[in-house]
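The values are calculated or read from the model by the stated rules, or taken from the named source; none is laboratory data. Owing to the predicted nature of the structure, the values given are computational and were not obtained by experimental measurement. Positions of Cβ are backbone-derived with ideal geometry, glycine not excepted, and every protein chain shown enters the neighbour counts. SASA here: full protein model, heavy atoms, side chains in, ligands and nucleic acids out. Shrake-Rupley method; radii C 1.70, N 1.55, O 1.52, S 1.80 Å.
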Amino acid sequence: MTLYRAQVLDTPDDPFSGGVLRCEADAGLLVEDGLIVERGSFAEVRRRHPAAEVVQLPDGVLLPGLIDTHVHFPQVRVIGALGMPLLEWLERCALPEESRLADVGYARAVAAEFVGALLGAGTTTALVFGSHFAPAVDVLFEAAAASGLRITSGLVVGDRMLRPDLHTTAQRGYDEGRLLAERWHGAGHSRYAVIPRFALSCSDDLLASCGHLHRDVPDSWFTSHLNENLDEVATVRRLFGGGTYLDCYDRHGLLGPRSVLAHDVHPTDEELKRMAEAGVSVAHCPTSNAALGSGLFPLNRHLAYGVRVALGCDVGAGTGFSLFKEGLQAYLLQRLRGPDGAVLTAAHLLHLATAAGAQALGLRDQVGDLGAGMRFDAIWVRPHHGTPLHIGMRHSSGPDEALARVFALATSHDVVQVWTGGEAVVTPA
C-alpha cells in the first residue's frame, strides 16, 4: 500500500448542479493495486496505516487525471497552422498529413509523439480520432497500451470529399473496423469507437455500415463531428436533402449514451432536444473553435437542454494538448458571449476537464475524482520556482483562487508526475 500526501482538489459533485470544489490541504490517499481505498486527513490515514509507504507531494496540487473527449492522433505534427477556416485547413494541412500515416513506420513515430504529448499534458484518458488506415490504428492502440493511457479510438472512415487515398467503402470500413474491435475492444484500458469522419465526407451507405458496426460490437462508442462551421453545416444539409446535421447520424442508430459529438457550435433547438433525449455528450473544443473562426460555443443552451458537455483539445486545429489551456479558453469565450455566456468558476473548469469527461466516456465509476473507490489516475501540478504560476499559487487566498491560477497559467511543464491506475507514467523526453 502507498500513502500519498498532498493538497488534493477535485469535483466529485457537478458544479453545474450545485456541487462545489472539494479541497483538502493536507490529504492522505491510500492506494492499493491502483485503487484509492481510503481518503482523509493525512494524519488520520497515517495513524490507521503506519506501515504504508509514504509519498510526499509538497507544494502544488494533486488533481484527477485530465480527460480529453476529442483529439486527432494523426494531427500532432500540424498544430499551429493559423488563419484558415475549417474546410481550407482540412485540405491544406490536416488531410495531407493524415495520408502520410499509410506508412506504418511513419504512423508508429507519430503515435509515440501523440501518446507522449497527451500524458505529458496530464491527460490520462482520451477519446481519440484514429487514422483512416487500419495498421496505423493498430500502432496507436499499441502505443497507448504500452504507456498506460486509457484510450477509446478506432478507424476513421469517409467515402467522399476527401483525398482519394483516404476513401473507403461501406463493406471495407465495416470489415476493418470489426477486426480492430476484435483485437482491442476491452483489452486492458482500450475500447473501440466507430468513427465516421463527419457527415460531409460520408454517404448514407457508409453511415449505415457505421450503424451496423456500432450495434455489432457490444458497448462500442460512436464519435464524429457536428455543427462545427456554418459552411460545413449548409453543405451537409444540401447533400442529405434537408433536415438537421444530427439527423444524418440519428437515422442510422448512432445516437445514444455512448455517443460523443465534437464542437456543436451551431446547434438548432431541435438538435439539442434530441441529444438530451438520447443521452449524447458534446466535446467542447474552444481553442480549435477560435483558431478556425468557427464561432462561440453556446454552452448556456446545452446546459438548458440538459446536454452533457466536456472538453476536447482537438489537436491539430486546437493549439495544444493542455486541457488547462482549453479550460481557460472556454472561460474567456463564455465571457465574450456577454449575457448569453455561462458563468464559469475554477471548479467548473476542473469539472469539465475531469469528471465531465469521465461521465461522457462512461467511466465515471472509475475515474474523474480522487475519492475512495476510484482508480488512482492523478497528476501532480507543481510550478517551477519563480514562475508566475508559482508566485500566484503561493499568494492565493484559497484553493479556488489557486486552481484558477492553474487554469490561467499552467502548461505541460508544470505537470511533474502522472499516474494511471496507480502506476507512475514515464513520458518520452
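Which value in nm describes the separation of the simple spin-label points at Lys273 and Glu423, placed 7 Å from the Cα toward the beta carbon?
Placing both labels 7 Å along Cα→Cβ, they lie 4.8 nm apart.
Residue by residue through region 88-93, what is 3J(HN,Hα) from phi via Karplus (6.51 cos²θ - 1.76 cosθ + 1.60, θ = phi - 60°)? Round to whole Hz and write x for glycine and proline.
5, 4, 4, 5, 8, 10
For region 325-399, what relative contact order do you get, as a whole percent, if you take Cα pairs closer than 8 Å and at least 6 residues apart? Kindly include the intermediate steps, with their values, before the conclusion.
On the way: 44 pairs, mean separation 10.7, N = 75.
In percent, rounded to a whole number, it is 14.
What residues qualify as long-range amide H neighbours of Val194, i.e. H under 5 Å apart, gap of 5 or more or another chain, H built at 1.01 Å from N?
Under 5 Å from the amide H of Val194: Trp221, Phe222, Thr223.
Can you give me the relative contact order of the chain as a percent, contacts being Cα pairs under 8 Å and 6 or more apart?
Numbers: 991 pairs, mean separation 88.2, N = 429.
So the answer I get is 21 percent.
Positive end of the dipole of the chain, charges at C-beta (+1 Lys, Arg; -1 Asp, Glu), about the Cα centre: which of Phe42, Gly148, Pro12 has its Cα farthest in that direction?
So the residue we want is Phe42.
Taking region 141-181, which trypsin sites (Lys or Arg not before Pro) meet the DSSP loop condition and have no more than 16 other C-beta atoms within 10 Å?
In loop regions of region 141-181 (DSSP not H, G, I, E or B), the sparsely surrounded trypsin sites (Lys or Arg not before Pro) are Arg160.
What percentage of all Cα-Cα pairs in region 192-286 are separated by more than 19 Å? All intermediate terms of the calculation are to be shown ahead of the outcome.
Details: 1471 of 4465 pairs.
The calculated P(r) of region 192-286 puts 33 percent of pairs beyond 19 Å.
Report, as a whole number in µm² per second, the diffusion coefficient that Stokes-Einstein gives for region 284-377 at 4 °C and 1.567 mPa s using the Kirkwood radius over alpha carbon pairs. Mind showing how you got there, number by number?
Numbers: Rh = 13.8 Å.
Rounded, D is 94 µm²/s.
Could you tell me how many cubic angstrom of Cα convex hull volume region 85-204 has per residue? Show your work: numbers first, answer last.
Numbers: hull volume 12.3 nm³, N = 120.
Spread over its residues, the Cα hull of region 85-204 gives 103 Å³ apiece.
Once both axes come from the Cα atoms, what is the angle between helix 134-147 and the longest principal axis of the chain, in degrees from 0 to 90, rounded to 10?
Long axis of 134-147 versus the principal axis of the chain: about 0 degrees.
Can you work out D for region 29-162 in µm² s⁻¹ from Stokes-Einstein, where Rh is the Kirkwood radius over C-alpha pairs, the temperature is 10 °C and the viscosity is 1.306 mPa s? Write out the running numbers ahead of the final one.
Details: Rh = 17.5 Å.
So the translational diffusion coefficient is about 91 µm²/s.
If the elastic network links every pair of Cα atoms under 10 Å, which of Tyr305, Tyr331, Tyr174 fluctuates the most in the Gaussian network model of the chain?
Highest fluctuation among the options: Tyr305.
Which percent, nearest 5, of DSSP beta bridges in the chain are antiparallel? Each step should come with its number before you reach the end.
On the way: 25 of 59 bridges.
Around 40 percent of the beta bridges assigned by DSSP in the chain are antiparallel ones.
When DSSP assigns beta bridges and you keep just the ones with both residues in region 1-94, what percent turn out antiparallel, to the nearest 5? Provide the component values of the computation, followed by the final result.
Numbers: 14 of 19 bridges.
Of all bridge pairs located within region 1-94, approximately 75 percent are antiparallel.
Spelling out what I want: for every residue of region 113-118, take phi, set θ = phi - 60°, compute 6.51 cos²θ - 1.76 cosθ + 1.60 (Karplus), and round to whole Hz; glycine and proline get x.
5, 5, 5, x, 5, 4
What residues qualify as long-range amide H neighbours of Val282, i.e. H under 5 Å apart, gap of 5 or more or another chain, H built at 1.01 Å from N?
The answer is Leu261, Arg308, Val309, Ala310.
Considering only protein heavy atoms and a probe of 1.4 Å, how much of the accessible area of region 320-429 is carbon and sulfur, as a whole percent?
Numbers: 2560 of 4650 Å².
C and S atoms contribute 55 percent here.
Roughly how many Å is it from the Cα centre of region 378-429 to that of region 184-202, as a whole number?
Computed from Cα coordinates, the inter-centre distance equals 32 Å.
For Cα extents along the principal axes in Å, one of [x] 69, 52, 43; [y] 66, 48, 38; [z] 88, 83, 33 was computed from the structure I shared and the rest are decoys. Which label?
[y]
With θ taken as phi - 60° and the coefficients 6.51, -1.76 and 1.60, list the Karplus ³J(HN,Hα) couplings across region 259-273 in order, rounded to whole Hz; mark glycine and proline as x.
Values per residue, Gly and Pro as x: 10, 10, 10, 8, 5, 6, 6, 10, x, 8, 4, 4, 5, 4, 4 Hz.
Ignoring ligands, DNA and RNA, what accessible area per residue does the chain give at 1.4 Å, in Å²?
Details: 15800 Å² over 429 residues.
In whole numbers, the chain has 37 Å² accessible per residue.
Using a Gaussian network model on the chain with a 10 Å cutoff between Cα atoms, which of Gln366, Gln56, Gln75 fluctuates the most?
The residue with the greatest mean-square fluctuation here is Gln56.
Evaluate the relative contact order of region 1-158 (contact order divided by residue number), counting alpha-carbon pairs under 8 angstrom at least 6 apart; express in whole percent.
Details: 259 pairs, mean separation 30.8, N = 158.
Taking the mean separation of contacting Cα pairs over the length of region 1-158, I get 19 percent.
Say we join alpha carbon atoms closer than 10 Å with springs in a Gaussian network model of the chain; which of Leu82, Leu246, Leu140 then has the biggest fluctuation?
Leu82
Would you work out which of Ala94, Pro74, Leu118 lies farthest towards the positive end of the dipole of region 1-123? Charges go on Cβ: Lys and Arg +1, Asp and Glu -1.
Positive-end residue among those listed: Leu118.
With a 1.4 Å probe and all protein chains left in place, how much of the accessible area of region 203-316 comes from carbon and sulfur atoms, in whole percent? Show your work: numbers first, answer last.
Details: 1800 of 3650 Å².
For region 203-316, the apolar C and S fraction of the accessible surface comes to 49 percent.
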